[in-house]
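Engineer: Have a look at this one before I ask anything.
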């Protein structure tokens with residue numbers, strides 16, 4: 001733990017310059033991401049007449065790079081200066097978006113997939129760098145509260161983001177939507193200059209000549225030696241299968257099970273976002289009273305039950321109610337995961353731990369986004385969602401033995 005984090009006052013989270021900057025940067029990124037998500041989704045459905053394979057491909061090009069580059073990005077995050085890494089990632093994301101905009105102006109619509117693809121790759125270098133900075137600049141006792149506040153911001157955009165994306169696309173078209181994305185990413189890069197400069201990384205001669213592959217193997221061994229991180233990986237894999245199915249086929253729940261138009265999806269997500277906002281606030285209050293592993297288990301249990309219910313339901317009020325309950329559990333999942341990774345990882349391994357665990361979730365998720373459209377052609381949505389919810393429940397059961405573990409005990413075991 002760095003001196004910066006250790007010296008952070010217990011009640012001064014919002015006065016922390018690093019935290020203020022990360023929040024502002026994330027606001028800009030959320031604007032770009034939500035405009036991207038809905039503009040590209042609606043644009044692709046308009047171009048392909050709601051083709052399930054084309055819709056599934058959006059998820060595939062977003063999550064495949066995450067699976068492929070997560071481990072590499074996490075390893076480099078432990079070697080590179082995290083502040084500069086984040087700045088360059090946002091700048092390059094903006095640059096790639098403007099390249100896509102130019103190609104759209106000259107006629108090839110398939111390039112919208114490229115914007116998502118490049119952004120997903122760069123996020124795998126930026127995200128673990130942000131986690132590393134959290135470890136450096138946030139006091140240990142504030143980590144779960146910091147993650148809860150961060151998740152609350154995400155929830156706000158779950159409410160506002162869908163409408164922002166839909167309004168931008170429907171009123172201004174795909175070109176303006178792509179332009180908004182690029183400007184948002186560029187402004188985020190500029191804002192990140194407010195973060196205190198990275199400390200110089202001093203390496204011995206042997207460390208300087210070490211191979212990336214050696215660092216990767218060290219990260220895998222680190223996770224394997226930790227019973228908590230190892231079990232978390234199993235939960236990630238099962239959850240990835242379930243989320244990959246639900247996220248890809250959510251549009252068809254709206255159209256086929258509820259008999260609504262695709263525009264109704266934004267209201268589903270707004271309900272989810274309102275619940276996330278409430279859930280994030282509740283977690284902030286309970287942050288010091290419940291362990292992150294229990295918090296994660298509660299969130300996954302809620303998600304599994306709601307997933308099964310939404311697949312069965314043909315009632316709009318019931319589905320919206322289940323979506324609300326699912327939203328209440330989502331902050332528990334996100335905050336629990338982030339806190340567990342930070343609490344059970346030494347600072348020098350944060351990037352690699354994130355890089356080892358994320359592919360376990362993203363790998364299965366990528367696979368399911370690729371085949372979900374094909375599964376829908378063979379199996380009913382009710383059966384698909386029921387299986388997905390059951391797998392999510394099994395992932396929750398893997399967390400139960402971890403309730404007794406304490407972060408200090410696990411770190412001590414890993415240091416042997």
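Engineer: Find the centroid of the Cα atoms in segment 75-131 and in segment 271-304, then give the distance between the two in whole Å.
Structural biologist: Answer, in whole Å: 30.
Engineer: In addition: Over the chain, with a Gaussian network built from C-alpha contacts below 10 Å, which listed residue (263, 51, 90) shows the highest mean-square fluctuation?
Structural biologist: Greatest mean-square fluctuation among the candidates belongs to 51.
Engineer: Rounded to the nearest 10 degrees, what's the angle between the helix 265-286 long axis and the longest principal axis of the chain, both from Cα atoms, 0 to 90?
Structural biologist: 30 degrees
Engineer: Could you work out how far apart the two model spin labels at residue 282 and residue 141 are, taking each label as a point 7 Å from the Cα in the direction of the beta carbon, and quote it in nm?
Structural biologist: My value for the distance between the label points is 2.6 nm.
Engineer: Using a Gaussian network model of the chain with C-alpha springs under 10 Å, which one of 276, 365, 111 is most mobile by mean-square fluctuation?
Structural biologist: 111
Engineer: Given the rule -39500 (n - 2.57) for each run of at least 4 DSSP H residues, summed and divided by the residues of the chain, what is its mean residue ellipticity at 222 nm, to the nearest 500 deg cm²/dmol?
Structural biologist: -27500 deg cm²/dmol
Engineer: In units of 2.2 N^0.38 Å, what is the alpha-carbon radius of gyration of segment 83-161? Write down the numbers at each step before the final one.
Structural biologist: On the way: Rg = 16.3 Å, N = 79, 2.2 N^0.38 = 11.6 Å.
Normalised by 2.2 N^0.38 Å, the Cα Rg of segment 83-161 equals 1.41.
Engineer: So, one more: Taking R0 as 45 Å, what's the FRET efficiency between residue 108 and residue 382 from their Cβ-Cβ distance, rounded to 0.05?
Structural biologist: Calculated value: 0.70.
Engineer: Express in nm, to one decimal, how much length is gained between residue 50 and residue 224 on full extension, taking 0.36 nm for each residue of separation and deducting their alpha carbon distance.
Structural biologist: Stretched out fully, the residue 50 to residue 224 stretch lengthens by 58.3 nm.
Engineer: In degrees, nearest 10, range 0 to 90: what is the angle between the Cα axis of helix 112-137 and the longest Cα principal axis of the chain?
Structural biologist: On a 0 to 90 degree scale, this one is about 30.
Engineer: Here is a further query. Suppose a student asked you for the relative contact order of segment 11-129, using Cα pairs under 8 Å spaced at least 6 residues apart; what percent would you report?
Structural biologist: Across segment 11-129, relative contact order equals 32 percent.
Engineer: Build a GNM of the chain with springs between Cα atoms under 10 Å: which of 52, 65, 359 gets the top mean-square fluctuation?
Structural biologist: Answer for the Gaussian network model of the chain: 52.
Engineer: Each label point is 7 Å from the Cα along the Cα-to-Cβ direction; what then is the distance between the points at residue 13 and residue 247, in nm?
Structural biologist: Distance between label points: 2.5 nm.
Engineer: Report the equivalent ellipsoid semi-axes for segment 253-380 in whole Å, largest first, defined as the square roots of five times the eigenvalues of the gyration tensor built from alpha carbon atoms.
Structural biologist: The three semi-axes for segment 253-380 are 30, 21, 11 Å.
Engineer: For the pair residue 163 and residue 214, how long in nm is the line joining their label points, each one 7 Å along Cα→Cβ?
Structural biologist: It works out to 5.6 nm between the two label points.
Engineer: Below 8 Å, C-alpha to C-alpha, sequence gap of six or more: please give me the relative contact order for the chain in percent.
Structural biologist: On the way: 693 pairs, mean separation 117.0, N = 416.
It rounds to 28 percent for the chain.
Engineer: To the nearest 0.05, what FRET efficiency results for residue 175 and residue 24 with a Förster distance of 22 Å applied to their C-beta separation?
Structural biologist: E(calc), rounded to 0.05, equals 0.25.
Engineer: Among 21, 390, what is the fewest-to-most ranking by other Cβ atoms within 10 Å?
Structural biologist: Ascending number of Cβ neighbours within 10 Å: 390, 21.
Engineer: Now for a separate question. Find the all-direction average of the projected area of the Cα convex hull for the chain, expressing the result in square nanometres with one decimal place. Don't skip to the end; give the middle numbers.
Structural biologist: Working: hull surface 76.7 nm².
With every direction weighted equally, the projected area is 19.2 nm².
Each value in this text was obtained by applying a stated rule to the coordinates, not by laboratory testing. In this text the structure is predicted, and so the values were computed from the model without any measurement. Cβ coordinates were reconstructed from backbone atoms using ideal geometry, including for glycine residues, and neighbour counts include every protein chain displayed.
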